[in-house]
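Notes follow the structure.
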Amino acid sequence: MEALIPIIATIAMFGSIAYITKVLSDNRVKRELISMKADRETIDYLLLQAPAPTTDSSLKWGMVIVAIGAGLGLIHLLGLDGEDPMTWAIVFIFGGAGLLGHYAMASGKGES
């Protein structure tokens, strides 16, 4: 369990950075629209309309999480601990493999 703490902390840190970046970007767009005196319909369309949920994003993150879980299982089977650099290598390799697997599936369907 102690080996998972650095991994979870790293994921939480990068997730927080991504969320803060999104909030700042959205605020910048709002300020630009206000300064350009955009009409109310445009602002409502761009900002108030909820984005349509996509199954593609769920598939991608599901594949990444399953791949990382498989990597953590391999780490357990090999008896590695959090101090070993190979632990991090396995997690990142499996996570990257999940993303590459998703990319292969999406490009096979004609998406990107």
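The values are calculated or read from the model by the stated rules, or taken from the named source; none is laboratory data. None of these values were measured; they are calculated from a predicted model. Cβ atoms come from the backbone with ideal geometry, glycine included; neighbour counts cover every protein chain shown.
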If we keep only residues of the range 1-35 that are over 26 Å from G79 (Cα atoms) and in contact with a Leu (Cβ under 9 Å, 6 or more places away or on another chain), then the residue surrounded by the most Cβ atoms within 10 Å (Cβ to Cβ) is L33
Please work out which residue is surrounded by the most Cβ atoms within 10 Å (Cβ to Cβ), limiting yourself to the range 64-109 and to residues that are among the acidic types (D, E) and without any contact (Cβ under 8 Å) to a residue 24 or more places away in the chain. D84
Grab the helices (runs of 4 or more DSSP H) fully contained in the range 1-98, keeping just those with 3 or more residues being in the same structural domain as K109 (by TED's automatic domain parsing) and closer than 30 Å to K109 by Cβ. 55-78
